[in-house]
Amino acid sequence: MWNNYNRKKKQDAIFLNVKPVATNISVRKYSNGLLDRLDSGFGNYNKEKRTSRQSISTIDSMNQQFLPNVFYRNVAPIKWFLSMIGALPMKRAGPGKAKFVIGSIAFAYSIVFFTFLMIYVAYVANNRIIIVTSLSGPFEEAVIAYLFLVNILPIFLIPIMWWETRKICALVNDWDDFEILYYQISGHSVPLNLRGRSRTIAIALPILSILSVVITHVTMADFDLIQVVPYCILDNLTAMLGAWWYLICEALSTTANILAERFQKALRHIGPAAMVADYRALWLRLSKLTRDTGTATCYTFTFLNLYLFFIITLSIYGLMSQLSEGFGIKDIGLAITALWNVCLLFFICDQAHYASFNVRTNFQKKLLMVELNWMNSDAQTEINMFLRATEINPSNINCGGFFDVNRNLFKGLLTTMVTYLVVLLQFQISIPTDVRTVNRNITISDDISMSDASMNSDEMDADIMTTIMTTLAATTTTAAVPPVRGRKG
C-alpha cells in the first residue's frame, strides 16, 4: 500500500501561461521578422489577389509597428450584436482590460432587455401551452404545437451567458497577451483578416434567420406578428452564438497555420536554440487559447447542443410522419427548421474539429518534417522537446469536461437521433389504420355525438309531454261523459 501511495504519478499535461511584458513591446534580436525582407513575396501581398487560404509568404511584415486589438476587431461585429440582445454584457476599456462589472451600464441594459423579453416570451408561451393542452389527436399531428413551444427554450441561454461572461473576458485578454508575444517573437502583428467576413455574417445571418422564422409561421401556423417577434430574437440568439463560435475557431485555425509556416521559415536560417524555445512557448500559449475557447462557454454550448439535438429530432419526426399523406405546405416549415438547425450544429462541430487539427496535428507534421542534421545539439534538443510538448499537451476544444466538440460529436448525435426516430416511427406504424382514423376524427365525432344527444333529449322531452297531454285529455273526456242507463221495462 505504501509503495502504491508513493508511486510516481502520471505526468500531467503541460499548461504554460506565458505573460509578456506589455510596457516594452519590441522585437527580439533573433526574431525572423527582420528576415522577411529577403523574401520577395512579402512586398507583393497588396498587388496579388489569391483565392486560396493565405500562407506565410503572402503576409507583409515589413511594417514593424505593433497593431493591438487584432482579435477583438475581428469578432467585434458579432460581439456588439450579442450585446444588443443582452447576451454579452462585456466592458472593455482597452487591450487586456475586458471585464464583467455587475454595476456597469452594459449589464443594466442586459437586465432590462431580458426582463421585457421574458415577459413577452411568457405571454407567447402561455398561448402555446393552451393550444397544446387543447389537443386531442395523435402525437404526430401535435408535433407542430410542441415545436413552437420548444423553440422558446433558448431564452435560458441569456442568463447562462451572463454567468460565463467573466471567462469570455479572460479569453479576450489572453488573446491580447498572445498578440504581444507573437509580435515579440515573429516580428509582426497577428495577420488575421476576418473582419469583413464577420461584418457579412452579422448582416446576412439575422436576415436569413428572420426569413426562416416567418416562413415557418406562415406555413405551419397562422401568421401573427405579435407571436413572431420573440421567435425571431431567440433564433437570432442561437445563430449568433454559432457565428461567435465559428469566428473564434477560424481565428485559431488561421493563427496556427501562420505560426507553423513562420516556424518552418525560421528553421531555414541557423539561429540560437532560444528561438525554438520561444516558438514552443508561443505554441503552448495558442494551445491554451484553444482549450479556453471551450471552457469559456462550456455551459452555453452544452445547452445549445442539447437544444439543437432536441429540435432536430422533433422536426424530422414530424416531417417523416406526415410523408404518408403526401408533402404538404406544413412540411415546408418543418424541413426549413430541420435543415437550419442541422447546419448550425454541423458548423459548430466542424469548426472546432478543424481548429484542434490545425493547432496540434498540423503543427506536429511541420515538426516531423524538420531536418535535424545541420542543427547543433541545443537546437535538436529544443526541437525534440517541442515535439514532445505537442504530444502530451491537450489541444482539443472541450466543453468543461462534458464532451469534446469535434466531428465525432456530430456523428454521435446523428446516430442517437436516428435511433430515436426509428423507435418513434415503429410506434407510429404499429398503430392500426382504423385506430388512427378514429383518433383523427375524435373531435368531430364528439361534436356530432353531443349534437345528436341534445337532439335526442329534446325529442324525448317532446314525446313525454305529448304522452302526458294525451293521457290527461283522455281522462278528462272519460270523466265528462255520463254513464248510459238502461230502460225500465
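For the set 97/288; 366/411; 91/167, the pairs lying more than 21 angstrom apart at their alpha carbons are 366/411. Taking all protein chains together and a 1.4 Å probe, the residues 235, 378 rank 378, 235 from largest to smallest accessible area.
A simple spin-label model places the labels of residue 150 and residue 347 2.1 nm from each other, with each point 7 Å out along Cα-to-Cβ. Given +1 at the Cβ of Lys and Arg, -1 at the Cβ of Asp and Glu and no other charges, the dipole of the range 250-342 around its Cα centre is 580 debye to the nearest 20. Distance from the Cα centroid of the range 365-427 to that of the range 103-180 is 32 Å (rounded to whole angstrom).
When the convex hull of the Cα atoms of the range 67-430 is projected onto a plane and the area is averaged over all directions, what value comes out in nm²?
Working: hull surface 81.7 nm².
It is 20.4 nm².
Ligands, DNA and RNA aside, residue 146 has an accessible area near 80 Å² when probed at 1.4 Å. Each residue, residue 229 and residue 362, gets one label point 7 Å from its Cα in the Cβ direction; the gap between the two is 4.5 nm.
Put 199, 92, 285 in order of accessible area, highest first, and with a 1.4 Å probe you get 199, 92, 285. Once the 1.4 Å probe is applied to the protein heavy atoms, the range 86-158 comes out at 50 Å² accessible per residue. In the complete set of protein chains, residue-level accessible area for residue 101 is approximately 50 Å², probe 1.4 angstrom. The phi-based Karplus calculation (6.51 cos²θ - 1.76 cosθ + 1.60; θ = phi - 60°) puts the 3J(HN,Hα) values of the range 103-116 at x, 7, 5, 5, 6, 5, 4, 5, 5, 5, 5, 5, 5, 5 Hz, whole numbers, x for Gly and Pro. Per-residue accessible area (protein heavy atoms, 1.4 Å probe) orders 366, 99 as 99, 366, starting from the largest.
Looking at the range 311-417, the accessible area is 48 square angstrom per residue; that uses a 1.4 Å probe and ignores ligands, DNA and RNA. Straightening the chain between residue 264 and residue 127 buys 43.1 nm, computed as 0.36 nm per residue apart minus the Cα-Cα spacing.
Rg and Dmax over the alpha-carbon atoms of the range 284-426 stand at 21.6, 76 Å.
Dipole magnitude for the range 67-430: computed about the Cα centre from +1 point charges on Lys and Arg Cβ and -1 point charges on Asp and Glu Cβ, it is near 1020 debye.
Using a probe of 1.4 angstrom, how much of the accessible area of the range 67-430 is carbon and sulfur, in percent?
Carbon-and-sulfur percentage of accessible area, whole number: 68.
The values are calculated or read from the model by the stated rules, or taken from the named source; none is laboratory data. Predicted model only: the values in this text are computed from it and were never measured. As a convention, Cβ positions derive from the backbone with ideal geometry for all residues, glycine included, and neighbour counts pool all protein chains shown. Just so you know, the surface numbers come from the protein's heavy atoms only, side chains and all, with ligands and any DNA or RNA stripped out. Shrake-Rupley method; radii C 1.70, N 1.55, O 1.52, S 1.80 Å.
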